[in-house]
Amino acid sequence: MKSQHFWCVVLLSCLLSRSLAGNDFFTSIGQMTDLLFTEKDLVTSLKDYIRAEESKLEQVKKWAEKLDVLTATATQDPEGFLGHPVNAFKLMKRLNTEWAELESLVLKDMSDGFISNLTIQRQYFPSDEDQTGAAKALLRLQDTYRLDTEIISTGNLPGVTTYKSTLTVEDCYELGKIAYSDADYYHTELWMAQALKQLDKGEESVTTDKVTVLDYLSYSIYQQGDLERALDFTKRLLKLDPEHQRAKGNLKYFDYQLAKQRKTEAQKSPKQNESTEREKRDTSARKGRPKDYLPERQKYEKLCRGEGIRLTPRRQSRMFCRYYDNDRHPRYLLGPVKQEDEWDRPRIVRYHDIISHSEIEKVKELAKPRLRRATISNPITGVLETAHYRISKRRATVHDPQTGKLTTAQYRVSKSAWLAAYEHPVVDKINQRIEDLTGLDVKTAEELQVANYGVGGQYEPHFDFGRKDEPDAFKELGTGNRIATWLFYMSDVSAGGATVFPEVGAAVWPKKGSAVFWYNLFPNGEGDYSTRHAACPVLVGNKWVSNKWIHERGQEFRRPCGLEESD
């Protein structure tokens, strides 16, 4: 607004200097009439300036009122509010993009105090990378749980009862653009189509128009091999903007390619045409999300959706719930715990009501200030190193087991902290409880790891133990391999967030206050490859877990080897 004010002053000065250039204007009515028109121009310029100021203030006022209502609601239950992935994405977008736009508007003519405060606070705002990460989390949720863009855009996600939020045309367009920047034309098409659908329904947008959306949409469809639809959308674009140069060029190219394709098909024999049609059907069937590095992707995501393998009646009949005292352990003789069989091979058991609400809150209180990039075991050296990722901010970088070089890890979206027993009596008490119930020595176990999953938070299929091709895994610890895993669920999750075992088809769903336990190694020390597991993306809610990785050293007499090599 300062520049507008400056030009208004300049205009005023110029006009007044012209008016005052001679002091004999009164001698000429004609000259005097010129002054009237000059004054009218001044009034018009002044009104434009006032309208611009009022418009700016009205925009700021509406923004403040909207954010006042939103933040008042959100801060009543921050975790619940951010448990909805659309809310989390829009927070990233708002702080990274929209507040910057507001800053530019306010900078034109606002108090230095506000600008200074905003400028100082902006250094703590999410970055472009954060916004991109949150967007990709939405795409991941869309794929994993097979959600239609309309469902996500309207906020009608499974498990949502509060804090429902919708996506605007600009939001849908932004998701499409982020997919486009990764050459992910499948998701580009989905979200540009959704943006166009909302525009067609009459939703207004200041920054996104149909021409721009159609441009992205037609190209993304072309890249997926559908020339006819790409041509149709290009023609629609040109109806709106006949002079759009790129669209005019694309129209000629698509027409040429389509004619060439049809000519080739016309020259083929009936048998060849049948083969071509079959190829088209196969191509259409393959069309979809890009291929990735995870061979078990379909099985893993199927389990995440609750479409897992059902145990046979015979196997199910061997699964029990019981009161468990670990062979009459003194601490549990009078108050045994509730134990439930979750799976038979590998044996996975769940302990119900094993950690109290107050203990959970204390663990979270201790962990929150320290949540940061996780440490992982370098498979080459065995040294614990930092995995460079932040919640919804940065992917992990891990060492490639073949090259030893740092590579981007797409598989984990969470933050973690480590708590030692000496730091608080509650942590010490929890560790002792794990030892009492498992019968394993936790003195050589790793510290209690507390994790909070971010937007679409997940941990893709992995092993907890070191494999044979990682001979130096956990070498730095000097406590041998990870013999067993104990996992506490410290929150309920409205939708998603299951712990799944793709090799066997098992799925364990989070239940606050419970814990699951399984052995990663057979008694002979060999790894149990059926324990390969994953944490499914959190669709709705906020997932807190803590885990204890128990190592081999100290278990020689607690879990001895069998007499047979296969034991």
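Quick note: the coordinates plus some simple rules give every number you see, no bench work behind them. Being a predicted model, the structure only gives us computed values, none of them experimental. Heads up, the Cβs are rebuilt from the backbone with ideal geometry, glycines too, and the neighbour counts pull from every protein chain shown.
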Checklist entry - At each listed q (0.14, 0.29 Å⁻¹), what is the log10 of I(q)/I(0) that the Debye formula gives for region 291-347 modelled as equal alpha-carbon point scatterers? => result -0.62, -1.11
Checklist entry - Pulled fully out, how much extra length does the chain show between Lys61 and Leu294, if you take 0.36 nm times their separation in residues and subtract their Cα-Cα distance? => result 79.0 nm
Next on the checklist: Give me the base-10 log of I(q)/I(0) for region 185-235 at each q in 0.14, 0.20 Å⁻¹, Debye formula, one uniform scatterer per Cα, rounded to two decimals.
Outcome noted: -0.32, -0.62
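Sort 468-475, 122-129, 190-197, 211-218 for me by packing, meaning the mean count of neighbouring Cβ atoms within 10 Å per residue, highest on top.
My ranking of the peptides, most packed first, is 190-197, 211-218, 468-475, 122-129.
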Item to check | region 451-563: projected area of the alpha-carbon convex hull, averaged over directions, in nm² | outcome: 7.9
Item to check | region 183-251 versus region 430-502: alpha-carbon centroid distance in Å | outcome: 47
Checklist outcome for this item: Protection proxy (average C-beta count within 10 Å per residue), highest first, orders 449-460, 244-255, 53-64 as 449-460, 244-255, 53-64
Item to check | Nearby lysines by direct alpha-carbon distance to Lys56 (threshold 19 angstrom, same-chain neighbours under 8 apart not counted) | outcome: Lys2, Lys47, Lys66, Lys108
Next on the checklist: Checking the cross-link filter: which lysines have an alpha carbon closer than 20 Å to that of Lys268, excluding same-chain neighbours under 8 positions apart?
Outcome noted: Lys260, Lys280
Next on the checklist: What lysines does Lys338 reach when the alpha-carbon gap must be under 27 Å and sequence neighbours fewer than 8 apart in one chain are set aside?
Outcome noted: Lys362, Lys364, Lys429, Lys443, Lys511, Lys512, Lys543, Lys548
Checklist entry - What FRET efficiency do you get for Arg558 and Glu79 if R0 is 41 Å and r is their Cβ-Cβ distance, rounded to the nearest 0.05? => result 0.60
Item to check | Mean Cβ neighbour count within 10 Å, used as a protection proxy, ranking 72-83, 162-173, 529-540 highest first | outcome: 529-540, 162-173, 72-83
